[in-house]
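See structure below.
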């Protein structure tokens, strides 16, 4: 039990530092893991408590993982990976499993992040890839790069609801919440 308590405090520090680095210092979500690894070893409980308060007690880190509170409690969420999401069911990205810089770079390129609204349009049995419709804000649409087909922009884009193709590996690592 004592080991679990210590582990949860380390997780808390790590995730708070990741949140701080992204939200306050504007690091990319793919840049913060190693820095947070170093910062999590600061032993001051008072500093971590003040950091939590300064950040207004965030519930999850930039990758969607829950941040334990000062007592080590975590908020449980029911979520599924994209492969399990029913076709034509609206969902919101809640966390990312594989948080490697390469995966996060790919998701950023596809305009998928925590909070992104999406809907699986089609599942391809051949390779288990998915065609996913994103619902992007105006700001996100300005940054959107349509996927190219034969070197030409896809015509499958609808206003702020572009289509992207997601591989099976990516789909297994993007977790969503949705209403039944």
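Readers should treat all values here as calculations from the given coordinates under stated rules, not as data from a laboratory. This one's a predicted model, so the numbers in the text were calculated from it and none came from an experiment. Cβ placement follows ideal geometry from the backbone for every residue including glycine, while neighbour counts extend to all protein chains displayed.
Along its first, second and third principal axes, ordered by size, the stretch 47-106 spans 44, 26, 17 Å in Cα coordinates.
Pairwise Cα distances in the stretch 1-76 exceed 16 Å for 43 percent of all pairs. If the segment from residue 27 to residue 57 were pulled out straight at 0.36 nm per residue, it would be longer than the present Cα-Cα gap by 8.9 nm. Ranked by how many other Cβ atoms sit within 10 Å of their own Cβ, fewest first, the residues 47, 82 fall in the order 47, 82.
Among 11, 170, the order by Cβ neighbours within 10 angstrom, fewest to most, reads 11, 170. To the nearest ten degrees, helix 45-54 and the longest principal axis of the Cα atoms of the chain are 40 degrees apart.
Each residue in 161, 50, 15 was given a count of other beta-carbon atoms within 10 angstrom of its own, and listing them fewest first yields 50, 161, 15. Note on the chain: with a GNM built from Cα contacts shorter than 10 Å, the maximum mean-square fluctuation among 112, 42, 96 falls on 42.
The angle between the Cα long axis of helix 2-23 and the longest principal axis of the Cα atoms of the chain comes to about 60 degrees, rounded to the nearest 10. By the Cα gyration tensor, the chain has an equivalent ellipsoid whose semi-axes, rounded to whole angstrom, run 34, 18, 14 from largest to smallest. Only Cα pairs within less than 10 Å get springs; with that Gaussian network setup on the chain, which residue of 55, 21, 83 has the largest fluctuation? In the Gaussian network model the winner is 55.
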